[in-house]
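One structure is given below, encoded as structure tokens.
The values are calculated or read from the model by the stated rules, or taken from the named source; none is laboratory data. Treat the numbers as computed from the prediction; the structure is a model and nothing was measured. Heads up, the Cβs are rebuilt from the backbone with ideal geometry, glycines too, and the neighbour counts pull from every protein chain shown.
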Amino acid sequence: MAGTAVRGRLSWQTATVGPVTDETPRVRTLRLEVPDWPGHQAGQHVDIRLTADDGYQAERAYSIASAPGEPLAITVERLDDGEVSPYLTEEARTGDQLEVRGPIGGYFVWEPGSGSGGPLLLAAGGSGVVPLRAIVRERSRAGSSVPVRLLYSSRSWEDVIYSSEFGLPPGGVEVVYTLTRSQPRMWQGYARRVDDAMLAEVAWPASERPLAYVCGPTSFVESVAAGLVKLGYPAGRVKTERFGATGS
Amino acid sequence: MHVSRGFHGRRRPEVDPARVPPGQYVTSDFPVLSAGPTPHTPLSKWTFSIDGGREPVSWTWDEFRALPTETLTTDIHCVTRWSKLDTMWEGVSLDVLLGMVDYDARYVLAFSDGGYTTNLPVADLLGGKAWVAFGYGGSPLGAEHGGPARLLVPHLYFWKSAKWVRGLRLRDTDEPGFWENYGYNMYGDPWREQRYAGD
């Protein structure tokens, strides 16, 4: 909705790194203390700018991991050939300063009332779970009872972000995992990439007028979004956010 | 300016900095960004139309592909910060398409399968600056990158290069499109870093 548009100019603000949490060996959550943070919606992102001592700068966008009303936090996956993510996941320490600009994005957002009462289907590939976690937290914070299914695809159990938080999900939230590369012994869950058969089992039937949020690498988003359309989801009720490269 | 302790950056000495707008980094990949599922319109049902002139004009796929084409190599800049240099495209110039329409509007709203829209000044579509592209890297443009045809306006941020484009609506006033309604810049010049409203 247009009412969520960014108004006026977004300026860069200094942020101080607060507590950091290692979520997996490659993924870290950083709380960012921004004195004049204007607040955000679940699903939005921020721009981060780093400056070297000779003035060289690098900017990237990261999804916000925290719910509206919670302190601003981002969850960052280290990309081996990255420029900003290795700094944020390995070098940055509590008390360091960087710059943020935001919040940004008004389409891939959820608030109580989004979807006009239908259940929520959240589908995450890898660190695509970050904005969906903000949605789950906002649902609880706002006291919403909308039923949620989160289908979360990771390479292995070690790569699952927020595993302790999702281990005890709030009432009305189901988390379904698929581990595509390796599985713990005795794993009972899915062990393959998300496909149409899995979506048919996990996704709410289209007749319940679900609203879907799909976030992950392009190949994941392409196949999940296409699969949901095949199941009868109207394209306008499948919101997507993609990151990473297709190589094509 | 705030120095980030311990940040040195990974500069790419092989990249000419004069070709990289502020805040961008060069990638060799071709990332994808879109708001919903990828539409698949069969070519038999595809048309490209320009409305809002004295007469509406429309081309079928075959009629469109019979128009003169150009190949070009250009740099593209996405508002999500990646830039890709020396991309190769084939398409029909907007000079050709708008040259077949009688109009005096100053703006267009481009529209696409899936409901996407984006706004541009007509002046930015003329003078060899914009195309409706159907080929990329010597092959037909893939659906995830906007095929069968997308707008290509490489001097503006790439969200202006609407994927799955189906036509233009000529307008007297500049009305925001999809991302512009969500706070992105009405014009989107990467060299002036016009990412968001007010930039």
Requested in this report: Count, please, the residues in the stretch A:71-82 that happen to be in contact with a strand residue (DSSP E or B) (Cβ under 9 Å, 6 or more places away or on another chain) and either free of Cβ contacts under 8 Å to residues at least 12 places away in the same chain or part of a loop (DSSP other than H, G, I, E, B) (or both).
Outcome: 4
Query raised in the report: Residue check: is A:Ser85 surrounded by 16 or more Cβ atoms within 10 Å (Cβ to Cβ), without any contact (Cβ under 8 Å) to a residue 40 or more places away in the chain, hydroxyl-bearing (Ser, Thr, Tyr) and touching a strand residue (DSSP E or B) at 6+ places or on another chain (Cβ under 7 Å)?
Result: yes
Query raised in the report: Within the bounds of the stretch B:32-40, is there any residue that is at the interface with chain A (Cβ under 9 Å from one of its Cβ atoms) and touching a Pro at 6+ places or on another chain (Cβ under 8 Å)?
Result: no
**Report entry** Some residue of the stretch A:47-59 being exposed (fewer than 14 other Cβ atoms within 10 Å of the Cβ), out of contact with any helix residue (DSSP H, G or I) (no Cβ under 8 Å at 6 or more places or on another chain) and modelled with pLDDT of 95 or more
**Finding:** no
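Conditions (1) among the aromatic types (Phe, Trp, Tyr); (2) at negative phi; (3) part of a strand (DSSP E or B), marked per residue:
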| residue | (1), (2), (3) |
| --- | --- |
| B:Tyr103 | yes, yes, no |
| B:Phe111 | yes, yes, yes |
| B:Gly135 | no, yes, yes |
| B:Glu144 | no, yes, no |
Report summary line: From the option list B:Thr80, B:Thr74, single residue qualifying as under 17 Å from the mean Cα position of the chain (by Cα) and at the interface with chain A (Cβ under 9 Å from one of its Cβ atoms) is B:Thr80
Query raised in the report: So is A:Glu165 surrounded by fewer than 18 Cβ atoms within 10 Å (Cβ to Cβ) and among the charged types (D, E, K, R) or not?
Result: yes
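Could you tell me whether any residue of the stretch B:96-114 is over 14 Å from the mean Cα position of the chain (by Cα), within 12 Å of another protein chain (Cβ to nearest Cβ), within 21 Å of B:Ala35 (Cβ to Cβ) and not aromatic (Phe, Trp, Tyr)?
Scanning the stretch B:96-114 turns up at least one residue that is over 14 Å from the mean Cα position of the chain (by Cα), within 12 Å of another protein chain (Cβ to nearest Cβ), within 21 Å of B:Ala35 (Cβ to Cβ) and not aromatic (Phe, Trp, Tyr).
With the condition being surrounded by fewer than 17 Cβ atoms within 10 Å (Cβ to Cβ), I'd like the strands (runs of 3 or more DSSP E) fully within the stretch B:1-95 carrying at least 3 qualifying residues.
The qualifying strands (runs of 3 or more DSSP E) are B:70-77, B:82-93.
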Requested in this report: Output the qualifying pairs, or none if there are none: Cβ atoms under 9 angstrom, residues six or more apart or on different chains, first residue in the stretch B:47-72 and closer than 25 Å to B:Thr87 by Cβ, second residue basic (Lys, Arg) and surrounded by 15 or more Cβ atoms within 10 Å (Cβ to Cβ).
Outcome: B:Phe48/B:Arg166
Query raised in the report: Would you pick out the residues in the stretch B:155-191 that are within 13 Å of chain A (Cβ to nearest Cβ) and in a helix (DSSP H, G or I)?
Result: B:Trp159, B:Phe178, B:Trp179, B:Glu180, B:Asn181, B:Pro190
